[in-house]
Every structure is written in structure tokens, then in C-alpha cells.
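K.L.:
Sending over a structure as C-alpha cells; questions will come in a sec.
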Amino acid sequence: MVAESKYQLNDFKLRLVGIPFFSFVIPMIVHFDDFTKMNYGYAVAVIISFCTTVALWEGNRFIILRMRQKFPNYSETTKRILLEAIFAFLYTFVATFLLDEVLCKGILHKDGNLLGFRISLVPTILVYLVYEAVYFFEAWKTNVRKTESLMREGVQSQLEVLKNQLDPHFLFNSMNTLAALIDDTNTDAQQYLERLSDVYRYVLVSRNKNTVLVEEEIAFLDAYVYLNKIRFRDNLLVEKNISPETYRQHVTPLSLQMLIENAIKHNVVSKENPLRILIQQEGDQYLVVENNIQEKAIMEKSTRVGLQNIINRYSLLTERRVQVIQDGAMFTVKIPLINQLI
């Protein structure tokens, strides 16, 4: 659950000015004759208007706050505004009716009727327009900043890839040439080359995307694991426990591959000490990758940007954060599942 403090309304000055303004202006317009004479009738109208304004402002403010907590995303603006309008109409009607009956008739002995409700709708709508205009503009600016940051992260990620890759046309032409040189009876070599092509093709296709289907990422990961198992044989054990529904969710591209690569890079993989990697879901919120820790005596050179890159990318895509847990025996990384293409 998102912390409530995040959606507190910084509107003290607006309320300090707005409530007295409507409290005096509305009775001035409705009871203009009493206003020009500054008689008792106008004073009573101001009291009623002040109580009504406070009740409607604070009640509708509460509705706005709850709707923002319930539908905080920029993409949920239409749904949020529609529900706000429904609740605001109902609340304004009920509050105005009660004020007419209790305050006007019961205490001040003034006639109460639905005229107060109709008049109250005008400032209610104006207040909602101000709140939503400010919130929409801030959400739009935040969305733009996130998009720009995500583009920068993507460029940095691409630069890391480009530093270590050949021209794609040259590489694929070389693979085709190599495939022609491999004897038709050597199925292992043919299959290895085919999986290598799949891996490189996926890297090229997905590197400009923010998210990909879990199904696509797992298919790529299977090819990547196959290539490594040719080297490590049964010393590398990768197990997947993922439901069919999870395959339709999204993750950042190459994130699972980076985690598998890090596990292989930093741990011993041998017959005596096989490396076991488990990929499983945690509800519908996270995809969990964990491996047993058996650190190498001499660590391979690492740029240390892989895991941090995953963390940075997810921070721009969702409010749920990547979780990294190391308890001595197991190293676990939980990456958020995203339920829509971004």
C-alpha cells in the first residue's frame, strides 16, 4: 500500500483564502439587497455560507485525497475524475440537505430548500477544477521526467552493450558462414549456433523496449542457459516455477539474463559444487531469482552496473522496488512484475 503521506494535499494557503472567499461572495451574490444594506439577513447568510463552505470543502477534499490514493497513476486520471464527480455530487447533496434541515430550519429558523444545493454545486465544481488541474499538471511533469530518465537509462544500457558487440550484420553473416561449414551430421554444433543466433537476435530486438512479456524473456533465457550448460553441463542447474498467468505479465528486457550471468560470474560452478538457480513467482507482484552462494576465490572482473541498471530501470517503471537479499547461504533478487506494456 502506498503511504498516505505521499498524497497529502499541500493546500493550506488555498483553503485559508478559498473558504472565506466563497463564504462572503456567495451570499453577497444571492442576497445582494441585504449585502448593500449590511443588515441582519446578510450576517445570517454569511454564517450559513461559511458552515456550508467548510463542510463541502473539507468533505470533498477528503474524497479527492482518497481517490488519489486509490488511483494514483497518470493513466487512471479518467477513472479517478469520474468517481470523484459521483461521490462529490452525492456528498454535496446530502451535506446541503442536512445543513438546510439542521442549521437553517432547526437553529436559525430559516427556510431550507434545494436552492442551497444548486448554489453549492458551483463552488464545488470550481474547487475540484483547481485541485485536479494542479494534480494533473504535476502528474504530467512527473511522467515526462520519468520518460526522460528512462530514455537516459536505456541509452546507458545500450552503450554498455555496444562496447562489447560487433556489427550485427557482420556477426549474422559470420554465423551463416559458420553454419554452412558445420557438417550436417553435427547436430550439437548446429543447435548451439542456432541458440546463439536466438540470443543475439533477442538482444538486438529488445534493447530499445522498456518492458517485454515474461514469456519472451524466459524463452530468451532458455537459449542463454542452453549455451552455458554446454560449458558447465549438469554443474549448472536452473529450475523454473512460474504459472501460466505470470507469463502474460511484463519485466524489463535482459533483467533475468543479467541475474543469471551475475550468479555464474561470482560463484563456483563445478561437479563438487553445482550452482543451483531457482526462478519462481511471489504472488502476482514479483519474480524471484535465487541461487546458492559459493563465491569464487578469485572474482572475475565486473563493471558492477548490471544489477544497478536493473534497479534504476524499475525505479522509473513502478513504485515497487527491486529487492536484493543476501542471508549468507542464498542470494535472492526480487524484480517487480508489471501488468501492462510500457
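The values are calculated or read from the model by the stated rules, or taken from the named source; none is laboratory data. Because the structure is predicted, anything quoted here is derived from the model rather than measured. Cβ: placed from backbone, ideal geometry, glycine included. Neighbour counts: every protein chain shown. To get the accessible areas, we keep the full protein, side chains included, count just its heavy atoms, and leave off ligands, DNA and RNA. Shrake-Rupley method; radii C 1.70, N 1.55, O 1.52, S 1.80 Å.
K.L.:
Give just the number: which of (1) at pLDDT 90 or above; (2) open to solvent by less than 90 Å² (accessible area, probe 1.4 Å); (3) farther than 23 Å from Asn309 by Cβ does Tyr192 not satisfy?
P.N.:
Just one mismatch for Tyr192, condition (1).
K.L.:
Can you pull out every residue in region 231-263 that is surrounded by 16 or more Cβ atoms within 10 Å (Cβ to Cβ), out of contact with any strand residue (DSSP E or B) (no Cβ under 7 Å at 6 or more places or on another chain) and under 25 Å from Glu215 (Cβ atoms)?
P.N.:
Within region 231-263, Thr252, Leu254, Gln257, Met258, Asn262 qualify.
K.L.:
Conditions first: (1) open to solvent by less than 60 Å² (accessible area, probe 1.4 Å); (2) over 26 Å from Glu272 (Cβ atoms); (3) over 25 Å from the mean Cα position of the chain (by Cα). Leu227 passes all but one, so which condition is the exception?
P.N.:
Status for Leu227: all satisfied but (2).
K.L.:
Any residue at all in region 149-157 that's at pLDDT 75 or above and of a type in the set (A, V, I, L, M, F, W, C)?
P.N.:
No: zero hits.
K.L.:
Still on this model: For region 82-102, which residues satisfy the criterion of being surrounded by 15 or more Cβ atoms within 10 Å (Cβ to Cβ) and either more than 26 Å from Ile48 (Cβ to Cβ) or hydroxyl-bearing (Ser, Thr, Tyr) (or both)?
P.N.:
Once the filter is applied, which keeps residues that are surrounded by 15 or more Cβ atoms within 10 Å (Cβ to Cβ) and either more than 26 Å from Ile48 (Cβ to Cβ) or hydroxyl-bearing (Ser, Thr, Tyr) (or both), region 82-102 yields Leu83, Tyr91, Thr92, Thr96.
K.L.:
How many residues are among the β-branched types (Val, Ile, Thr) and within 18 Å of Leu287 (Cα to Cα) when one looks only at region 217-233?
P.N.:
2
K.L.:
Same structure, new question: Go through region 240-277 and give me each residue that's under 25 Å from Leu317 (Cα atoms), without any contact (Cβ under 8 Å) to a residue 40 or more places away in the chain and out of contact with any Phe, Trp or Tyr (no Cβ under 9 Å at 6 or more places or on another chain).
P.N.:
Of everything in region 240-277, those that are under 25 Å from Leu317 (Cα atoms), without any contact (Cβ under 8 Å) to a residue 40 or more places away in the chain and out of contact with any Phe, Trp or Tyr (no Cβ under 9 Å at 6 or more places or on another chain) turn out to be Ser243, Pro244, Glu245, Tyr247, Arg248.
K.L.:
If you take just the strands (runs of 3 or more DSSP E) that sit entirely in region 250-342, which of them hold at least 2 residues that are closer than 26 Å to Tyr200 by Cα?
P.N.:
In region 250-342, the matching strands (runs of 3 or more DSSP E) lie at 275-282, 286-292, 330-336.
K.L.:
Being buried (at least 19 other Cβ atoms within 10 Å of the Cβ), within 20 Å of the chain's Cα centre (by Cα) and at pLDDT 80 or above is the requirement here; does Arg66 meet it?
P.N.:
Against the criterion (buried (at least 19 other Cβ atoms within 10 Å of the Cβ), within 20 Å of the chain's Cα centre (by Cα) and at pLDDT 80 or above), Arg66 does not qualify.
K.L.:
On to the next question. Is it true that Tyr74 is in contact with a helix residue (DSSP H, G or I) (Cβ under 7 Å, 6 or more places away or on another chain), open to solvent by 60 Å² or more (accessible area, probe 1.4 Å) and at pLDDT 80 or above?
P.N.:
Against the criterion (in contact with a helix residue (DSSP H, G or I) (Cβ under 7 Å, 6 or more places away or on another chain), open to solvent by 60 Å² or more (accessible area, probe 1.4 Å) and at pLDDT 80 or above), Tyr74 does not qualify.
K.L.:
Here is a follow-up. Counting only residues that are charged (D, E, K, R) and in contact (Cβ under 8 Å) with a residue 40 or more places away in the chain, how many does region 189-213 have?
P.N.:
2
K.L.:
Would you mention how many residues in region 200-224 are open to solvent by 20 Å² or more (accessible area, probe 1.4 Å) and among the hydrophobic types (A, V, I, L, M, F, W, C)?
P.N.:
5
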